[in-house]
Amino acid sequence: MYKLNICHLYPDILNLYGDRGNIICMEKRMQWRGIETEVTGVSVGDALNYEDYDLFFIGGGQDFEQGVLLKDLAAGKAKQITEAVEAEKVFLAICGGYQMLGQYYKTWDGQQCDFIGALDLYTVGEKDRMIGNYMFQCDESDGGMVVVGFENHSGKTWLGEKVRPMGKVLSGNGNNGKDGTEGARYKNVFASYSHGSLLPKNPRLADQILKTALLRKYPDIVLEELDDQFENAAHDYMEHRLKK
Ligand code: GLN
């Protein structure tokens, strides 16, 4: 039987706007296809051995919570996470979790958080927050789908040369409200500002991420199509609303 091992990093600390819904969604989509999933929460003080997992999920968090994690990251997880990224493990990181994969985050009130540095990007906060439903279009290489989400961040993220954006903003702010980019892609990392939670209403993206993880492990696997009429109705309703 096929099996996917998911590591949920800091589930008790990084979980804004129902980001855990992404885990539930992935588990369900696997279950509907008869694929087993095991989800392991790894938090402060827990050991992390990246080789035990196929897919990593990191949710969003407020500035305070991000600051709380710095010590734990420096004590070993930052190294494991960087190695996992380089080993082409699949990651989905949302908002605060996305920022954490980058080099640093300077909060709007001047606090400097030196983060993991697994991705070539950095974030600088401003007092005005970027809040609201938004949408973006993924790169063709990821299927070119339109993704709808909800953003709420003060951090403005700027991408370096080694990463590419996850998509192009169609409505809302995305990475920084200025350069039209949203999220970041590097190897098998998918990083985005989209809360929502993201995957339940973007089933094509959910399958793109799951497929990437499964194919690494089982090169011959074929992902059965699911009946996504409810998921697509939720997606299309929001896409239509944001187009106006
Ligand atoms: N604290 C970060 C910011 O405000 C991330 C917030 C979030 O995860 N929603 O930019």
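In the elastic network of the chain, a GNM with C-alpha springs shorter than 10 Å, the most mobile of Leu48, Leu14, Leu199 is Leu48. Exposed loop sites were defined as GluC sites (Glu not before Pro) in DSSP loop states (anything but H, G, I, E or B) carrying at most 14 other C-beta atoms within 10 Å; in the chain the longest segment without such a site runs 1-87.
Computed over the chain with a Gaussian network model linking Cα atoms closer than 10 Å, the most mobile of Asp228, Asp114, Asp63 is Asp228. Couplings for region 93-99, taken from phi via the Karplus curve 6.51 cos²θ - 1.76 cosθ + 1.60 with θ = phi - 60°, read 10, 10, 6, x, x, 5, 4 Hz in order; Gly and Pro are left as x. Listed by Cβ neighbour count within 10 Å, with the fewest neighbours leading, Asp54, Asp46 appear as Asp46, Asp54. Taking a Cβ cut-off of under 12 Å around Ser194, the surrounding Lys, Arg, Asp and Glu residues balance to a net charge of -2, with basic ones at +1 and acidic ones at -1. Rounded to the nearest 20 debye, the dipole magnitude of region 107-242 is 360 debye, with +1 charges on Lys and Arg beta carbons, -1 on Asp and Glu beta carbons, and the Cα centre as origin. For Asn176, nonlocal amide neighbours, meaning residues 5 or more places apart or on other chains whose placed amide H falls under 5 Å from its own, are Thr157, Thr181. Can you tell me how region 125-244 classifies by the Cα gyration tensor, rounded, prolate or oblate, using a/c under 1.5 as the rounded cut? Judged from the Cα gyration tensor, region 125-244 comes out oblate (a/c at least 1.5, b/c at or above a/b). Calculated FRET efficiency, Tyr104 to Arg216, Cβ-Cβ distance, R0 = 30 Å: about 0.50 to the nearest 0.05.
Kindly identify region 14-84 as rounded, prolate or oblate by the Cα gyration tensor criterion: order the square roots of the eigenvalues as a ≥ b ≥ c, call it rounded if a/c is under 1.5, otherwise compare a/b with b/c, prolate if a/b is larger, else oblate. Oblate, because a/c is 1.5 or more while a/b does not exceed b/c. Summarising the amide proton neighbourhood of Gly41: residues at separation of 5 or more, or on other chains, whose placed amide H is nearer than 5 Å comprise His8. Amide hydrogen proximity for Gly61: with H placed 1.01 Å from N in the peptide plane, the residues at 5 or more positions away or on another chain lying under 5 Å are Gly96, Gly97.
Overall, the chain carries a charge dipole of about 460 debye about its Cα centre when +1 sits on the Cβ of Lys and Arg and -1 on the Cβ of Asp and Glu, all other atoms neutral. Exposure proxy shown here: for Cys113, Cys95, Cys138, the number of other Cβ atoms within 10 Å sets the order, fewest to most, as Cys113, Cys138, Cys95.
Just the number, please: percent antiparallel of the DSSP beta bridges in the chain, rounded to the nearest 5. Within the chain, antiparallel bridges account for around 55 percent of the total.
Between the residues Gly174, Tyr10, Ala213, the greatest Cα displacement towards the positive end of the dipole of the chain, with unit charges on the Cβ of Lys, Arg, Asp and Glu, is found for Gly174. Using the Cα gyration tensor of region 1-154, with a ≥ b ≥ c the square roots of its eigenvalues, what is the shape: rounded (a/c below 1.5), prolate (a/b larger than b/c) or oblate (neither)? Oblate. With the helix formula -39500 (n - 2.57) applied to DSSP H stretches of n ≥ 4, the chain reaches a computed 222 nm mean residue ellipticity of -7500 deg cm²/dmol. Shown for Val222, Val39: other C-beta atoms within 10 Å of each C-beta, ranked fewest to most, produce the order Val222, Val39. Of the residues Cys95, Gly67, Gln80, the one whose Cα sits farthest toward the positive end of the charge dipole of region 49-103, with +1 on the Cβ of Lys and Arg and -1 on the Cβ of Asp and Glu, is Gly67. Dipole magnitude for region 1-133: about 300 debye, using +1 per Lys or Arg Cβ and -1 per Asp or Glu Cβ, origin at the Cα centre.
Values quoted throughout were computed directly from the atomic coordinates according to the rules given, and no laboratory measurement underlies them. Values in this document were obtained by computation on a predicted structure and should not be read as measured data. Here Cβ is always computed from backbone atoms with ideal geometry, including for glycine, and neighbour counts include all displayed protein chains.
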